[in-house]
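The values are calculated or read from the model by the stated rules, or taken from the named source; none is laboratory data. These numbers were taken from a predicted model, which means no experiment stands behind them. Don't worry about glycine lacking a Cβ; one is built from the backbone with ideal geometry, like all the others, and counts go over all protein chains shown. Surface accessibility is based on the protein's heavy atoms, side chains included, excluding ligands, DNA and RNA. Shrake-Rupley method; radii C 1.70, N 1.55, O 1.52, S 1.80 Å.
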Amino acid sequence: MHEVDQDPLDFGDLPDDISEFLNDDFLLGTDVFIDDPWFNPEELTNFNDVGVPAEQSCTGGHQQGQTDQYTGIQNKRRKRQRVPRSQRCTDEKKPPSTPKRHRATDADLEAELITAEAANTTTTPTRFLHLQPRIHFITIPDSKGYQLIPNVGLSPPVIRLRLPGAAATPTYILVPSASTPCKPQVQPLSPVDAAVVPVQMSSSPPGSLSDTASRAMSPPHTSVSSTKTSPSNESPPPQSPTVHDIPESVRDYIQKVKAHMSLTCPAIEEGISLTSHYVDVQVSQRETFRSGKNANRVLDKELIITGDTDRQNTLLGLSQIFGDSNGRNLKRYIVLLGNAGMGKTTLIRKLCFDWSRDSIPQFDFVFLLDGKTLALKNPIYSLQTLLLNLSSFATSCTNPEEVYAQILAASKRVLIVFDNFDELREYEVLLQTQEKEVITSLQKDSKAETYTVRQLFSAILQRVLLPGCTLLLSTRPRGLANQLLRRADSFLEVCGFTPTDVEAYLSQYFTDPALRASALDYLKNCSYLHLLCWNPGLCRLVCLVLEHSKTLDVLPRTLTGLCHQVLRLKMEKHGKATDSMPDVKTQTPLKSEEETQISGNDQLNVCHKNIPVRKSRARVHTCTRSSSRRTRGAKKQVTEGSEVDGEEIESVGREVDRTEERELLSELSSLAWEGVKANSSILPTGRSLAAKHKAFGLESGLLLSHPLRKRLGDSTEEGGGEDRKEMGGGEKQDGKRDRGKTEIKNVDDSDGHILLWASPFLQSYLAGVHLSFSSPLCFHRTVSERSFLQNLPFHSGLKGRRRPQREEFQLTQQFAVGLLFHNTAELQSLHSHTEAAFRDMVVNRQALVTKHLKGLSQGDLSPAQVLEACHYVYEASFTSSGDGSKGSSRLVAHLAANLPDVLSFHGVRLNPPDVFTVQNMLERGGGLCLDLGDSGIGVSGLRALVGLDNVNSYRACIADVIALWEQLELNGEEGLLRGAVSKFKIHPLKVTQLCHVEHLAQLVNIHVHRKLSSSCTDSDSIFADGVPAVKELHKLEFELGPDKGPLGISKLWELLPALHNLQHLDLENSKIGDEGSERLADALSSLCSLEKLNVSQNCIGDHGLKKLVTALGYLPKLHCLSLYSNVISDEGAESLAAVLPHMASLTDLDVTYNKLTDVGAQSLGASLRNCQKIRTLRMWNQCIPYGVFERLQQQDGRILCH
């Protein structure tokens, strides 16, 4: 701080142009100089450290344009045209604005200072001169109660001015200040002149004084006045704004958004809504491995697959997704995982709906950003337009500037959700570093409408914009995820429907009690369909089939049969709608814009409530009616000049309709195949689609029209011109419903919408149709036999590196194989071949598939490929009639006979339908051992596979096995329990998670006490000799690492004494230390069968080794001991050398990379001469002189370097 004595009329260090520090809105008058609310703690809480005289009081707030109470002069300064923020606090009408700013002259400042001094000549209180909320002049009189602290750098500086008539020389401190609100509330940090608030300041509102200025103004000792005016010694840190800190107009907008969201969110698809058909899906917390930073990290490989029991323990409610309710352990970067149809979008809509009902109070704003908007390429958007206009549930906003300012000021209370991203690759591309110029521009001015949607998405995901907000990203767990794994702090997974959830969904879907009971009965008698309902999307399709099935025999037995029946039902519905359509030239009136037509699958709702979807569908009706007129014209042409009855006319008309339908399906199948190959659910935008194909797809429900952009009809809304520019124009709005509101309309169909597939399952099915039965009527060439073979599963290699395929591509291969073995009579609507040509083509391709699958060597297949092969063979065998044709039966028998003796699904997620197909194959095979470790198989699926007679042994999650034993014991199934106990194996056991130690402890407890925890007398005989798996455990590898190792190793010491038959114990890199060495020495006395012990990299010193070697001398079978990379010095080496001659069975000893010197090395070398059975002694390290080590090697050749 420095002082400057100046002439009263010379302002010295003041800048020449002070307008850059002034507000754009207004300049406060001289009334502020006296009546600033400095001592009002309700209005200003950041000045607690400033000492002021006790007699000074606050007379009230100040407003622009009011009369000065000291001079009687009315402040009539003119203001800018833009409405200032202070207008929220006054109802007075503002005069017209001038385009230029007012510049504070020296004369104006002098007049204000003189006026202020003359108002009170007896005392000189602390005063403020507001030159806009950006600068305060703070005066401090020269008195004993105040002291200026030198050598403190302030910017702006401290200036001393002498005023005429002043009793003392006051000091002015220029400090930044927030604008004074009309109400006791914290104003949001609002941008000025389109300038964006810095990123580091956007999470909390600024204070009025800096800490440095506050400390500089505080008195050196405690005074009475300072004690009364400063309730605390330090101002509390700024907190995120609460509901009470939000301006009234912004609060009204939030309530408007919530009202709009509560109306639009519930609609899932036509006839189904959240309020009537929603079933709570379970969400579990997932953990990830931490692999090398330079490795290509694949998400589905990095995620830890937990057992069913552990998964139940990690289930979260919707309120726990973002952290604890008390504000601790908050999650800011959340990834929601789930395969196609699992309900990610439905869950997100439920979260939005709950927020609209005030069930998620930690967020003031929730924005849902759709990945489909990445199709907008023009750089005409800003962060404000992205959030307030492009988000899925955006509604009209009358004050976007104020709302956007609140979003920036309270970013910690903003939730941004990214949905409808088909794969991880899209996120990874967005997380790539952008150009430096773009990042700098975004940080400087995010309101400039010069960015693309992709750039804004990328900036949000990279925390360049709104760094304090919470992000929720939904995706499928496949593909590379290097960037995402580094950034995310929480991984969640949608678990799917349980059997109870399936019954609840059916009870909501079928309102008729009789129909509901019939559907449940059919479903329970069709096991595979029941298991398919684990996927909520497939459960919806199953319900559709059950609704139209009259007998149990017509129900499909495979996924191919299910999708075939769904497609047939959609075609029948479309045909009935076309036939019943009246032949009129006038278009039917459209419904009102308030009515909503929701069409889509269970995962995607592409239309909002305010969007008149009927308007776009009217054009579809027109195209369809033209097709109907052509059909009726064909009927009329047939009947001219001839006498035929009505039945023949109808027959000819139906044949014409079927031909046209096959042509339309053929084209859509080609489009589906192109989308599968391109890993996209969106139809190619560059390819022109005929109106009749588009109409057919939309009317049948196979396609959806997704609005890329909503145009706000209010002409005053920012970005309206740019939106029309990108969309190529649009319709003029008819009118406004309410004053001050905007009307949301659909843009033109050709420019404002994209077409996408309504269901990923139906897209894959149609792609399979094209792959198997491509039609010559298609615009593209047919699939040749060579191309067909190249797209068969495993054609590109067995265990070789393959490009990770999207889920839809694997489904397409599965459907293609199933369709070839389907009943040909039911496939007539899917092809345009003649009957003979179609039959020959099917027989030929059946032979190709059979030869290809039989040529696979099961031993060369990975566990995931073995599972895929089981699905292909099952689809080929049971799609037709449930019994399987001769060719497909031979295919099943071949696969079952060639299964390996040890069938492993280790590390492959086994869902309920997967378990069913594996069970179907195993029932036809011979004896084998089954490895189900880290597969996440449920207890019910585990029971189905373990109960097979040809399964000789099995491995699975220990906790799930114990749960199965308890379930069998509770049900009194002693025979199955005995088999499940005797077949279970855990050798060799590798501990990679903390839960594995807990599971082993439960199993050892059963082994020691000879009964289950909830045991009864019936099962005591089964465990009379303990648990065979524990008795047969010979190898235990502890691989928790140095971080988690100390947490699990303490439990391991309690378990080791019960593992009497343990032969190999590996505790490398577990950080056990000297204390752990003592605990290990106590446990070794019970491990008489131990042959190998590895305690490398465990920070074991001389003290721990002394305790350990004492116990090692009593192990009669120990032949391999590794003490590699510890902290053993010469003292420990001498202790080990003394015990070596007594370890009669020891053959290999490794003490390399320790701290022993030549003294310890010579001790071990001398002891080695008395140990004839030791074959190798490795003990080199940098502390041993090379000459000494070389001499020891010459004396005994068993001493090695490594």
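Would you pick out the residues in the range 549-578 that are among the basic types (Lys, Arg), part of a helix (DSSP H, G or I) and at pLDDT 90 or above? Break it down stepwise before answering.
We begin by selecting, within the range 549-578, every residue among the basic types (Lys, Arg); these are 550, 557, 568, 570, 573, 576.
Subset that is part of a helix (DSSP H, G or I): 568, 570, 573, 576.
Once the filter is applied, which keeps residues that are among the basic types (Lys, Arg), part of a helix (DSSP H, G or I) and at pLDDT 90 or above, the range 549-578 yields 568, 570.
Using the structure shown, decide if residue 936 is in a loop (DSSP other than H, G, I, E, B) and under 41 Å from the mean Cα position of the chain (by Cα). Quick ask: steps written out before the conclusion?
Details: in a loop (DSSP other than H, G, I, E, B): yes; under 41 Å from the mean Cα position of the chain (by Cα): yes.
Answer is yes for this residue.
If you check every pair at least six apart or on different chains, which have Cβ atoms under 6 Å apart with a residue in the range 294-323 that is of a type in the set (Lys, Arg) first and a residue that is assigned to a helix (DSSP H, G or I) second?
297/482; 297/485
Could you please find all residues in the range 1167-1179 being touching a Leu at 6+ places or on another chain (Cβ under 9 Å) and open to solvent by 60 Å² or more (accessible area, probe 1.4 Å)? Give the steps one after another, and end with the answer.
First, pick out the residues of the range 1167-1179 that are touching a Leu at 6+ places or on another chain (Cβ under 9 Å): 1167-1168, 1170-1171, 1173-1174, 1176-1179.
Passing the criteria: 1170, 1173, 1178.
Yes or no, residue by residue, for (1) at pLDDT 80 or above; (2) over 24 Å from the mean Cα position of the chain (by Cα); (3) open to solvent by 50 Å² or more (accessible area, probe 1.4 Å):
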| site | (1), (2), (3) |
| --- | --- |
| 231 | no, yes, yes |
| 242 | no, yes, yes |
| 250 | yes, yes, no |
| 254 | yes, yes, no |
| 262 | yes, no, no |
| 266 | yes, no, no |
| 273 | yes, no, no |
| 278 | yes, no, no |
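Only one of 435, 493, 426, 449 is out of contact with any Asp or Glu (no Cβ under 7 Å at 6 or more places or on another chain) and over 29 Å from residue 281 (Cβ atoms); which?
Working: 493 fails: over 29 Å from residue 281 (Cβ atoms); 426 fails: over 29 Å from residue 281 (Cβ atoms); 449 fails: out of contact with any Asp or Glu (no Cβ under 7 Å at 6 or more places or on another chain).
Matching residue, one of 435, 493, 426, 449: 435.
Criterion first (under 29 Å from residue 275 (Cα atoms), touching a helix residue (DSSP H, G or I) at 6+ places or on another chain (Cβ under 8 Å), of a type outside the set (Val, Ile, Thr) and buried (at least 22 other Cβ atoms within 10 Å of the Cβ)) does residue 383 satisfy it? Spell out how you get there, then give the answer.
Details: under 29 Å from residue 275 (Cα atoms): no; touching a helix residue (DSSP H, G or I) at 6+ places or on another chain (Cβ under 8 Å): yes; of a type outside the set (Val, Ile, Thr): yes; buried (at least 22 other Cβ atoms within 10 Å of the Cβ): yes.
Judged against the criteria, residue 383 is not a match.
When you look at residue 302, is it closer than 28 Å to residue 480 by Cβ, open to solvent by 60 Å² or more (accessible area, probe 1.4 Å) and at pLDDT 80 or above, yes or no? Lay out the reasoning, then the answer.
Working: closer than 28 Å to residue 480 by Cβ: yes; open to solvent by 60 Å² or more (accessible area, probe 1.4 Å): no; at pLDDT 80 or above: yes.
Taking the combined requirement at face value, the residue does not satisfy it.
Which residue pairs have Cβ atoms closer than 7 Å, lie 6 or more positions apart in sequence or on different chains, and pair a first residue in the range 345-364 that is at negative phi and in a helix (DSSP H, G or I) with a second residue that is basic (Lys, Arg) and open to solvent by less than 10 Å² (accessible area, probe 1.4 Å)?
none
Here are 452, 433, 398, 440: which of them is surrounded by fewer than 23 Cβ atoms within 10 Å (Cβ to Cβ), modelled with pLDDT under 95 and in contact with a Lys or Arg (Cβ under 7 Å, 6 or more places away or on another chain)? Quick ask: steps written out before the conclusion?
Values: 433 fails: in contact with a Lys or Arg (Cβ under 7 Å, 6 or more places away or on another chain); 398 fails: in contact with a Lys or Arg (Cβ under 7 Å, 6 or more places away or on another chain); 440 fails: in contact with a Lys or Arg (Cβ under 7 Å, 6 or more places away or on another chain).
Result of the check over 452, 433, 398, 440: 452.
Can you report the number of residues in the range 853-862 which are open to solvent by 40 Å² or more (accessible area, probe 1.4 Å) and either at pLDDT 90 or above or closer than 13 Å to residue 794 by Cα (or both)? First the steps, then the outcome.
To start, the set of residues in the range 853-862 that are open to solvent by 40 Å² or more (accessible area, probe 1.4 Å) comprises 854-855, 857, 859-860.
Applying the additional criterion that residues be either at pLDDT 90 or above or closer than 13 Å to residue 794 by Cα (or both) yields 854-855, 857, 860.
So the answer is 4.
Give just the number: which of (1) surrounded by fewer than 21 Cβ atoms within 10 Å (Cβ to Cβ); (2) closer than 22 Å to residue 339 by Cα; (3) not hydroxyl-bearing (Ser, Thr, Tyr) does residue 514 not satisfy?
(2)
Is it the case that residue 845 is at pLDDT below 85, of a type outside the set (A, V, I, L, M, F, W, C) and over 18 Å from residue 559 (Cβ atoms)? Break it down into steps so the answer makes sense when it comes.
Values: at pLDDT below 85: no; of a type outside the set (A, V, I, L, M, F, W, C): yes; over 18 Å from residue 559 (Cβ atoms): yes.
No: the conditions fail for residue 845.
Return the residues of the range 365-400 that are assigned to a loop (DSSP other than H, G, I, E, B) and among the polar types (S, T, N, Q); say none if nothing qualifies. Lay out the reasoning, then the answer.
Of all residues in the range 365-400, those assigned to a loop (DSSP other than H, G, I, E, B) come to 376-380, 382, 391-399.
Selection gives 378, 382, 391, 392, 395, 396, 398, 399.
Quick one: residue 1076 ticks every box in (1) closer than 30 Å to residue 1009 by Cα; (2) open to solvent by 10 Å² or more (accessible area, probe 1.4 Å); (3) not β-branched (Val, Ile, Thr) except a single one, so which number is it?
Going through (1) closer than 30 Å to residue 1009 by Cα; (2) open to solvent by 10 Å² or more (accessible area, probe 1.4 Å); (3) not β-branched (Val, Ile, Thr) one by one, residue 1076 breaks only (2).
With the structure loaded, tell me whether residue 1051 is open to solvent by 60 Å² or more (accessible area, probe 1.4 Å) and free of Cβ contacts under 8 Å to residues at least 40 places away in the same chain or whether it fails that test.
Answer is no for this residue.
Of the residues 454, 486, 478, 413, only one is touching a residue at least 12 places away in the same chain (Cβ under 8 Å) and within 15 Å of the chain's Cα centre (by Cα); which?
Details: 454 fails: within 15 Å of the chain's Cα centre (by Cα); 486 fails: touching a residue at least 12 places away in the same chain (Cβ under 8 Å); 413 fails: within 15 Å of the chain's Cα centre (by Cα).
Within the list 454, 486, 478, 413, the selection yields 478.
Search the range 767-777 for residues being part of a loop (DSSP other than H, G, I, E, B) and open to solvent by less than 10 Å² (accessible area, probe 1.4 Å), and hand back the single one that is modelled with the highest pLDDT.
If we filter the range 767-777 for residues that are part of a loop (DSSP other than H, G, I, E, B), which is where we start, we get 774-777.
The next check asks that each one be open to solvent by less than 10 Å² (accessible area, probe 1.4 Å); those that pass are 774-775.
On the way: 774: 78, 775: 53.
The selected residue is 774.
So residue 498 passes all but one of these: (1) among the polar types (S, T, N, Q); (2) in contact with a Pro (Cβ under 9 Å, 6 or more places away or on another chain); (3) under 26 Å from residue 940 (Cβ atoms). Which condition number does it fail?
(2)
Just checking, which of 1012, 1067, 1090 is under 16 Å from residue 996 (Cβ atoms) and crowded, with 18+ Cβ neighbours inside 10 Å? Spell out the reasoning first.
On the way: 1012 fails: under 16 Å from residue 996 (Cβ atoms); 1090 fails: under 16 Å from residue 996 (Cβ atoms).
Exactly one residue qualifies, and that residue is 1067.
Of all residues in the range 471-490, which are touching a Phe, Trp or Tyr at 6+ places or on another chain (Cβ under 6 Å) and open to solvent by less than 30 Å² (accessible area, probe 1.4 Å)? Give the steps one after another, and end with the answer.
Initially, the range 471-490 is screened for residues touching a Phe, Trp or Tyr at 6+ places or on another chain (Cβ under 6 Å), giving 471, 473, 475, 484, 487-489.
Passing the criteria: 471, 473, 475, 484, 488.
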